[in-house]
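Peer 1: Quick one: the structure is below, and I'll ask about it shortly.
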Amino acid sequence: RVRCDAFVILSADADDEGAQRTLWQRKYRRSHLGKKSYLERGVSEAQYKVYWDSYVQPSWVSHGLGRMKRKEHGRLSPLTVCLDCLADLDGNVVAMQELLLAADEARPM
């Protein structure tokens, strides 16, 4: 983290039931790093939902996004942007470009 000029965090609103459902269903169905998806492995949606609710989402809140906020005294650093992973790609690209420009301007010469 010390060597990073800026952070981009992809997240979905933990309080938005629809966003969470879309996110866990997408993760349930997709393969990742050469591994089969949970669907392809024979895990039912109900089983994955329990895993998501009891482990994945709470872990992200406390160790992912929560950890980023703790490092900055309860808020995200000015050179951190939290992108909605379910939002329009073009809007997220613009937000990321703005962050990278700000990080470049803040970098000591």
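Coordinate-derived values only; no laboratory data. Keep in mind the model is a prediction, meaning the values are calculated, not measured. Cβ atoms come from the backbone with ideal geometry, glycine included; neighbour counts cover every protein chain shown.
Peer 1: If I model a spin label at residue 62 and residue 50 as a point 7 Å from the Cα along the Cα→Cβ vector, what separation in nanometres do I get?
Peer 2: That separation, rounded to one decimal, is 2.0 nm.
Peer 1: Going Cα to Cα from residue 49, which aspartates and glutamates come in below 17 Å? Please leave out same-chain ones fewer than 8 positions away.
Peer 2: Once the sequence-local aspartates and glutamates are set aside, what remains near residue 49 is 13, 15, 16, 17, 40.
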